[in-house]
Structures are given as C-alpha cells and as structure tokens.
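Q: One structure, pasted below without further comment.
The values are calculated or read from the model by the stated rules, or taken from the named source; none is laboratory data. Computed from a predicted structure; not experimentally measured. Here the Cβ positions follow ideal geometry from the backbone for every residue, glycine too, while neighbour counts run over all protein chains shown. The area values use the complete protein model at the heavy-atom level, side chains included, leaving out ligands, DNA and RNA. Shrake-Rupley method; radii C 1.70, N 1.55, O 1.52, S 1.80 Å.
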Amino acid sequence: MNYRVGVIGLGYVGLPLAVETGKKYPTIGFDINQSRIDELCNGKDSTLEVEPEELALAEKLSFTANIDDLKGCNFYVVTVPTPVDHHKNPDLTPLKKASQAIARVLSPGDIVVYESTVFPGCTEEECVPVLEEFSGLKYNQDFFCGYSPERINPGDKAHRIYDIKKVTSGSNQETAEIVNDFYKSFITAGTHLATSIKVAEAAKVIENAQRDINIAFVNELSMIFNKMDIDTLEVLEAAGTKWNFLPFKPGLVGGHCIGVDPFYLTHKASSLGYHPRVILSGREINDGMGAEVTKRVIKLLAEKKKLTSDCRVLILGFTFKENCPDVRNTRVIDIVEEFRQFGIETDVFDPNADSEATKSEYHIDLLPKIERKYEAIVLAVSHVNFADLNWKQLRVETQVIFDVKGFLPPDLVDGRL
C-alpha cells in the first residue's frame, strides 16, 4: 500500500507517531486546537515529547486544523483522548467527533486505525457506525478498520515509540496485514499481530488495569504497615530481593491512563451483567490515597504540636507524573482539597507543570518560587529537578517533610508512603 497518513489528534500520543511516519510517508497531522498547530508549525512541542531537532527530521510531515486538508490521505490513525465523565463512565465524545471528521474525507479503500484506549468492542460497535453514517460507505466493503493500542509513556525518554513493541489488528485478514506492515516499517521493536480488533482492544485495557491493581495492593500495604510503624519502602526493598517479586511502589494514581482505563473495562463488564470486584476495589483504594497522605501529615503536625490555625503547607509537584507538564487528572489535587477541608492553607510549587492548565482546570496559581517557610512540605511528584532544592536547609526550617514518592533519603523526611 502507498501510505498517505493522516494522524487525528496531536497530543503526547499522536505527535510522536506523526513525526515517525513523517520521516517515511507523506503525513498530515490534524488537531482541532489551532494554537497547537501554530506551535508545531513553529517547531515547538509544549508536551515536551518531541524535541525541535526530531520535528525537523520529519520532512514529509505537515500540520493543519482543517479536516478537508486530509482528503488525499488513505490511512488514518486516531489518537484522541478517551476520558471518563464525573460518574466514571467512558466519555466517547472525542472519539466519535474524530470519527465524524474522518468520515467527511473518507474514500473507498481507505483504512482507519484507532489507537485510543477503549473497551473491547468499541471500535466496531461505536466508531464504525459513525464512519458509515457520515461517509455513506460500507464497513469492510468500502473502507476498513484496525486497532493498534498506544503505548507511549509520557516523560520517558528511554522508551520511545519505535522502542516499544506494537500490537496490531485489522477488520479482516488483508487489512490486518496492511496495518501490521505499516507499523512494522518504523517500529524497530517489532509488532504483534492480534487475531482480532477485540483482542487488541482488550490487551490494551488490561495493561493499565493490571498496573492499577498492583499499585493498589502496595498502597493497601502502606496503610497496614503504617499502623505497625513499619517503613513500607524498606519492606518492599527486602521483598524485592526475590527474583520474581514485582517492583511496585505506593503512591498517587492519576493521569489519563492508569487512573482512567480500568473504568472502560468495568463499564463493559457491567453492561454484560458482571460486577468486577477486584478492579473496582483497586480503584477505590487508589482514589483514596490523597486523603491518606493528608491524614498522615496532619497527624505528624499534631504530634509536634504545630497543627495551628495559621500553619501552612507547601506541596511540591502538581503534574500527574514526574518530568512532564501534564496536569490532566492529577491526583495531587486531592491532597490540596483535603488540606483545605481541614482549614489548612496550601501553596503549590511545580516549575514543570502547565501553569495555564493548572489555573483554568483547578483554579490554582502555582508559586513562581519558594519564598517563605512552611510548617509542612509534601513532596507529591518526584521531578528530577526537585533534587536540586536545598533539602538540608528545608529540613532545618520545616517541622514535617512527607515524601509521597520515596524520592528523598529517609533521614530527611518525617514520613513517606
């Protein structure tokens, strides 16, 4: 196939993909956000996933916010977000709008591949009908589909898109081979051709559900061992000497993958009459860790008789994970809100976070720098540049230092998960 690629959605998943395909094939990256298109046209990526030098190497890549510019494409890849709503139900709005947009430019023989995380069956049950309705074309007769789940790890410079094995699938055998050949042409780690779209969808959704459950287990251990005055990280270090012990650590679980994807699987399971107990229990534990952190810090302050009406807490880090600017679905907000419910004022310092998104989504003004002393400091996100802070001085000035991530030496902290 003579691939002419259209990538729909240019976030932390779509842009690295568009850059790689733009090195080999004519590629158009589409996004509804005109400011995002403008910055990319100027050689900049605010997500920090792609360096300017990498962008420049994609000589066959162009960007647009006009869907009609994609009419010459024959291989579309959808990489839009798949969030959940306030009731933890899948929100397929971005996915369906992307499908409508593609349908406007879809031609006979074209292939549409979805990379967004969904529940098994979503591509053919939810997306294909939209493509048929708005294009007037017939599935598996006039156009074809595939599913190849994204595996990008935001902020991870060691595992790039081409270094991570890619699961592929197609709506029939011929399409599956074409989709597989496409990814195999630039994924140096190789591909795994699944037997069906549903299998590929299921493989993706359980990857993050598995991590969520394992983190929930060590979070529960942290709560148990805290009652025993046992350091959880020391226990995990000792247990980790066994060759097959899984190296998970306690912490906050947010973002748009691990904290979201399990709900796609539980939604589908519930629609089939099955109540998924283990997955939902894990979600409940992980969603409660912000309150657990706050409770422990307040207890430490009370023990030192520093829990006063004018005490103030500094929270270091607000992104959903370390070394990235993304604040979507960050669970650090849970810590902020818990402290405020107790009447304790909090400041947040995070030089890595998108300050505009933090202000608009959470109504929090990030500190430009640390200028005052605090009764307590909570290290919520382990950005590498936080290691450069003067921790010895902060230790002298601060009554309680609590390390959520196990980032600091034990002698510098009063508590950690």
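Q: Go through PHE186, LEU252, ALA357 and say which Cα lies farthest out towards the positive end of the charge dipole of the chain; charges sit on Cβ, +1 for Lys and Arg, -1 for Asp and Glu.
A: So the residue furthest toward the plus end is LEU252.
Q: Answer with one residue from LEU106, PRO81, GLY11: the one whose Cα lies farthest towards the positive end of the charge dipole of region 1-150, charges on Cβ with Lys, Arg +1 and Asp, Glu -1.
A: Among LEU106, PRO81, GLY11, the one farthest towards the positive end of the dipole of region 1-150 is LEU106.
Q: What is the magnitude of the charge dipole of region 291-335 about its Cα centre, with +1 placed on the Cβ of each Lys and Arg, -1 on the Cβ of each Asp and Glu, and no other charges, expressed in debye to the nearest 20? Could the numbers behind the result be given before it?
A: On the way: 10 positive and 6 negative charges, 45 e Å.
I would put it at about 220 debye.
Q: For the chain, which span is the longest to avoid every loop-located (per DSSP) member of GluC sites (Glu not before Pro) having at most 16 other Cβ atoms inside 10 Å?
A: Working: sites that count: GLU59, GLU371.
Excluding the exposed sites themselves, the longest stretch runs over 60-370.
Q: How about LYS165: which lysines have a C-alpha closer than 21 Å to its C-alpha, ignoring those fewer than 8 places off in the same chain?
A: Of all the lysines, those that pass the test against LYS165 - Cα under 21 Å, at least 8 places apart if same chain - are LYS23, LYS24, LYS157, LYS184, LYS198, LYS204.
Q: Given the Cα-Cα distance of SER271 and GLU59 and 0.36 nm per residue of separation, how much length would full extension add, in nm? Mind dumping the intermediate values first?
A: Values: separation 212, 0.36 × 212 = 76.32 nm, distance 4.61 nm.
My answer for the length gained is 71.7 nm.
Q: ASN323 to LYS24: extension gain in nm, 0.36 nm per residue of separation minus the Cα-Cα distance?
A: Details: separation 299, 0.36 × 299 = 107.64 nm, distance 2.97 nm.
So the extension gain works out to 104.7 nm.
Q: Would you look at the GNM of the chain, springs on alpha carbons closer than 10 Å, and say which of PHE144, PHE63, PHE134 moves the most?
A: Per the Cα network of the chain with a 10 Å cutoff, PHE134 tops the list.
Q: Quick check for you: with a 1.4 Å probe and neighbouring chains kept, what is the accessible area per residue of the chain, in Å²?
A: Details: 19210 Å² over 417 residues.
Counting only protein heavy atoms, the per-residue value for the chain is 46 Å².
Q: Another question about this same structure. For ASN140 and ILE224, what is the calculated FRET efficiency with R₀ set at 51 Å and r taken between the beta-carbons, to the nearest 0.05?
A: Working: r = 52 Å, r/R0 = 1.03.
Calculated value: 0.45.
Q: Using the alpha-carbon atoms, what tilt in degrees (0 to 90, nearest 10) does helix 197-227 show relative to the longest principal axis of the chain?
A: 0 degrees
Q: Sorted by average packing, counted as other Cβ atoms within 10 angstrom per residue and highest first, what order do 84-94, 241-251 take?
A: Listed from highest to lowest mean packing, they are 84-94, 241-251.
Q: Multiplying the sequence separation of ASN2 and SER281 by 0.36 nm and subtracting their Cα-Cα distance, what value in nm do you get? Could you put the intermediate results ahead of the total?
A: Values: separation 279, 0.36 × 279 = 100.44 nm, distance 4.77 nm.
Extending this stretch completely gives an extra 95.7 nm.
Q: Continuing with this model, one more query. Can you compute the charge dipole magnitude of the chain about its Cα centre, using +1 on each Lys and Arg Cβ and -1 on each Asp and Glu Cβ, nothing else charged? Give it in debye, rounded to the nearest 20. Could you put the intermediate results ahead of the total?
A: Numbers: 46 positive and 61 negative charges, 138 e Å.
So the magnitude is around 660 debye.
Q: Could you tell me which label, among (1) 25, 45, 27, 4, 0; (2) 25, 52, 22, 2; (3) 26, 56, 18, 0, carries the value of P(r) over Cα pairs in 20 Å bins from 0, in percent calculated for this structure?
A: (2)
Q: Can you pull the percent of the chain's accessible area that's carbon plus sulfur, 1.4 Å probe, other chains left in place?
A: Values: 9950 of 19210 Å².
Percent of accessible area from carbon and sulfur atoms in the chain: 52.
Q: Label ASN89 and SER355 with points 7 Å out from Cα along Cα→Cβ: what is the distance between them in nm?
A: Those two pseudo-labels are separated by 3.9 nm.
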